[in-house]
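Worksheet: one structure, shown below.
Values quoted throughout were computed directly from the atomic coordinates according to the rules given, and no laboratory measurement underlies them. Since the model is a prediction, treat every value here as computed from it, not as a measurement. Cβ coordinates were reconstructed from backbone atoms using ideal geometry, including for glycine residues, and neighbour counts include every protein chain displayed.
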Amino acid sequence: MKALFIAGEASGDLHASHLIHSLKKIKPEIKFSGIGGKRMKKEGVRIIYPAERISVVGFSEIISKISNLKEGRREISKCIRKNRFDFAVTVDFPGFNIPTAKYLHNNNIPVFYFITPQTWAWGRWRVKYLSKYYKHLFVIYPFEENFFRKEGITATYLGNPLVDIVKPSGKLTEEDLPKGRPFVAILPGSRESEIKRLLVPILKAYRLFLEKHPKSSAGVALHDEKLLPLVKNTGKNLLVDISVFCGKTYDILNLCDLAIVSSGTATIEAGIFKTPMVIVYKLSLLSWMIAKLLVKVKYFGLINLILSEKIVPELIQEEVNPKRIARELEKVYINRDKISKRLGELKSKLGKEGSYDRIAHSLLSMV
């Protein structure tokens with residue numbers, strides 16, 4: 001049996017690797033190929049094209065990656081023509097994956113979507129393509145199943161995979177952290193563009209918070225050590241007395257008192273630890289102008305969306321400035337116990353552990 005996986009970003013590579021691991025437990029004979037990163041490669045996937053070459057965020061950033069995106073499409077199309085895949089799984093990354101799904105569908109290869117595009121927020125026009133090209137959708141947020149089923153698309157929610165992943169390693173203890181309290185975790189994002197836009201206003205906001213709470217301390221948490229030079233170069237003297245931790249994000253979130261977090265998956269990771277936080281995000285001007293026209297949701301913070309209430313503050317674009325972030329962080333600090341209690345509801349909404357295994361069993365039953 002041959003399977004094709006396509007993941008265009010680091011998070012997709014992570015989730016794909018776990019699903020592949022679960023599929024291998026059930027059917028060890030499956031041979032995997034695809035677009036992905038180091039985690040998929042570690043699971044034995046033959047990498048046709050590296051995911052990092054096509055990873056983009058926002059609308060304007062696509063322009064700089066057009067040649068790579070075209071090259072990636074050529075390579076994946078060539079691979080599909082040469083191999084008879086029994087099934088394919090696309091992971092997130094809709095701009096690349098949906099056109100690829102069309103090609104797979106036209107070649108009579110059943111396609112499954114794992115971590116679907118957020119058509120409930122924007123891009124509702126994609127619904128017809130999801131219906132036409134995909135055999136089944138495996139969604140990761142509880143409200144998505146009903147959304148897609150109302151659109152006549154077969155979709156299943158079998159739990160959020162972060163429940164399986166987000167656990168402290170125990171390698172970091174309170175003794176390893178700066179001694180001051182409260183300890184503020186800073187998660188500026190996992191992409192270069194996010195760090196360039198968010199890190200400086202976040203660090204300046206922490207400095208303002210420090211003036212009111214001189215015994216506090218802070219640490220920047222990065223999933224990928226490759227981002228360390230960029231963080232140091234961007235933060236410069238603002239990083240004085242602020243530690244930077246690589247690959248220890250879950251330990252940091254488990255030990256911190258407060259957090260300032262770039263919008264996205266990291267907010268759910270922090271929420272699983274019941275961490276009171278301020279959510280921040282900033283797009284390029286072009287991406288923001290397009291997003292304002294297309295995005296139709298009450299909240300952009302995933303935690304607030306899942307809980308259907310503004311539990312934690314969310315700041316976007318011009319709101320992402322030091323004074324405003326510091327002001328919201330102060331409010332969160334004052335109300336930290338109440339916020340933490342409300343965030344305790346998140347885990348039950350996300351479902352039980354074992355979602356990868358459940359998805360793997362369900363997927364193979366449809367092949």
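Considering only L346, V240, Y281, the residue lying farthest towards the positive end of the dipole of segment 174-350 is Y281, judged by Cα position with unit charges set on Cβ. Taken over the chain, the alpha-carbon convex hull comes to 129 cubic angstrom per residue. Here's how it looks for Q118: its modeled amide H is under 5 Å from none belonging to a residue 5 or more places away or on a different chain. Take every Cα pair under 8 Å whose residues are at least 6 apart in sequence, average their separation, divide by the length of the chain, and the relative contact order is 16 percent.
By other beta-carbon atoms within 10 Å, ranking M40, M366 with the fewest at the front produces M366, M40.
When H15, H136, H223 are sorted by how many other C-beta atoms sit within 10 angstrom of their C-beta, beginning with the fewest, the order is H136, H223, H15.
Working from Cα pairs under 8 Å separated by at least six residues, relative contact order for segment 174-350 is 26 percent.
In the chain, the calculated helix contribution to ellipticity at 222 nm averages -14000 deg cm²/dmol per residue, counting -39,500 (n - 2.57) for every DSSP H run with n ≥ 4. Of interest is the spacing of the C-alpha centroids, which for segment 178-252 and segment 93-137 amounts to 37 Å.
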